[in-house]
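Working notes for the structure below.
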Amino acid sequence: MLNLKQIYNFEWKFLGVALLISAVGILTIYSATHSISSHSATSYYGKQIYWIIIGLIFLFLAAAIDYHTVIKYAYVIYGITLLLLIIVLIKGRTGLGAQRWLAIGPLSFQPSELAKLAIIIFLARYFSDKRSSGGFKMKELILPAALVLAPLLLILKQPDLGTALMALFIFVMITLLAGVRMRSLLVFIFVNVMTIPFIAHYFWGMLKGYQKNRILAFFNPEIDPQGIGYHIIQSKIAIGSGGFFGKGLFQGTQNKLKFIPEKHTDFIFSVFAEEWGFIGVLVLLSLYLVLILWGITIAYKAKDRSGALLAAGIVCMTTFYFIVNVGMTIGIMPVVGIPLPLMSYGGTSIITTMIALGLLINIKMRRLLLFY
C-alpha cells in the first residue's frame, strides 16, 4: 500500500489533466443528450459522473497496489479475462447488433474492454520474464502471439472490430519494444505482405454486414450519403461548421437537429468540435498530448523492464483510441466503434481507462523505491 513518501510523489497534476478531460466529457454528453429529453440528459451525464467516481476509486487502488504484484498475477488475470470472453459469447447481452455485455444484477460491463488491459499486463510479464540477447527470434514469438490471438478472435466474434484491432496493435508495439532481431522482423514483414490477400479474404468473411459497409463508406462515403456514408458525412459537416471559435455550448445545429449519429459515444468529438471550434479542439488535443507525453516519460524512466513495458502498453492503448476515434470523426479512419478516452459515454471504458492511468501513476511513484 501507499506510504507518506509515495503519497507526496503522487502525480496529482497528471490526475488533474485526466479529470479535466473527464469534466469536458460530462459537459459534452449533457449537450449531446439534453435535446432528447430532460430525463435522458440527466440519465446519461448522471451515470457518467457515477462511473467516473467509481473509476477514481479503481485508479487509487491501482496506484496503491504495487504494480509488481499485478505483474505477478498476469497469467491469472489473462485466464479470467479469457473465461469472461467465452461466457459473453454464450450468455452475453446483445445490443446494437453485438453480443458484448455481461450482466451482474442491474449492472452490465464489456469484458472486451477489460481484455485490452489484461493483454498489456500479460505481455509485460511474458517479455520481462523471457529475455533474449540480441532480440527475440520469430519462433520465440509464436507462443505470445497465439495467446494474444485467442482473446482477439473471441472479441472479433462478438463482434468488436475496434478492440480486436487494438489488441493486435498492442501486441505489435510491445513486441517491438521488447526487442526483435532484425532478420526475424524482416521475415515477419515479408510473410505478412505475402499473405495479405488470404488474411484479408478471411477477415472480410468474418465481418458483419454493417462492418463491411463502414469500411466501404471510409473509402467513398458519397457512394451512399443517406446510408453507409451518413455517419462520416454528418460528422465532418458538424466539425467543419464549428469554424474557428465554435457555435457555443448547446448551440450546435447538427447536434440539436440530431444529424450526428451516436453523438454521446463514438462521435462525441464531433459534438465538441461543433460547439467549441478550432480553438476548443486545439485545447482538447493539447490535454490529450500532455497525458500521452507524460505516459511516455513514465515508460522511459521506469527502472525495471516490466514497468517500462506495462507503461508503454498503456500509452499505446490510449494513443490508439485517441487517434482512431478522432480520425474516424474527420473521415481519415474507418468507423470501428472506438470511444474517445475519458470523454465518451460508457462505464466499462471509463473504469478501464482509470485503472490504466492508476497503473501509470503506480510505476512513477515506485520508480525511486526499487533500489531500497
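The values are calculated or read from the model by the stated rules, or taken from the named source; none is laboratory data. Keep in mind that what you see is a predicted model, and the values were worked out from it rather than measured. All Cβ positions, glycine included, derive from the backbone under ideal geometry; neighbour counts span all protein chains shown. Accessible surface is based on the protein model in full, side chains and every heavy atom, while ligands, DNA and RNA are left aside. Shrake-Rupley method; radii C 1.70, N 1.55, O 1.52, S 1.80 Å.
Observations on the structure shown:
- Distant-in-sequence amide H partners of GLY229 (H built 1.01 Å from N, under 5 Å): ASP224
- In the context of the full set of protein chains, residues of segment 49-88 present 52 Å² of accessible surface per residue (probe radius 1.4 Å, heavy atoms only).
- Percent accessible area from carbon and sulfur atoms, segment 295-372, protein chains only, probe 1.4 Å: 68 percent
- Summed residue charge, Cβ within 14 Å of THR352's Cβ, Lys/Arg positive, Asp/Glu negative: 0
- For GLY246, the residues whose modelled amide H falls within less than 5 Å of its own, excluding neighbours fewer than 5 places apart on the same chain, are GLY277, PHE278.
- Sulfur and carbon atoms: percent of accessible area, segment 226-273 [1.4 Å]: 62 percent
- In terms of its C-alpha gyration tensor, segment 251-363 has a prolate overall shape, because the principal axis ratio a/c (a ≥ b ≥ c, square roots of the eigenvalues) is not below 1.5 and a/b outweighs b/c.
- Summed residue charge, Cβ within 12 Å of SER184's Cβ, Lys/Arg positive, Asp/Glu negative: +3
- Label-point separation in nm, GLU140 to TYR230, each point 7 Å along Cα→Cβ: 5.3 nm
- Listed peptides 119-128, 57-66, 328-337, 83-92 by packing density, highest first (mean Cβ within 10 Å): 119-128, 328-337, 57-66, 83-92
- Taking every protein chain into account, the 1.4 Å probe leaves ARG366 with about 10 Å² of accessible area, to the nearest ten.
- Carbon/sulfur fraction of accessible area - segment 70-168, other protein chains in place, 1.4 Å, %: 68 percent
- Formal net charge of residues neighbouring ALA74 (Cβ-Cβ distance under 13 Å; K, R +1; D, E -1): +2
- Estimated inter-spin distance, ARG305 and LYS130, nm [label 7 Å along Cα→Cβ]: 1.2 nm
- Set of aspartates and glutamates with alpha-carbon distance to LYS139 below 18 Å, sequence-local pairs under 8 removed: ASP129
- Mean projected area in nm² (Cα convex hull; one quarter of hull surface) for segment 297-337: 3.3 nm²
- Accessible surface for TRP276 stands near 100 Å², nearest 10, in the context of the full protein assembly shown (1.4 Å probe).
- Global form of segment 46-183, assessed from the alpha-carbon gyration tensor, a/c cut-off 1.5: oblate
- Counting heavy atoms of the protein chains alone, THR348 has an accessible area of about 20 Å² for a 1.4 Å probe.
- Spin-label pair PHE244/VAL76, simplified geometry with 7 Å Cα→Cβ offset, distance in nm: 5.9 nm
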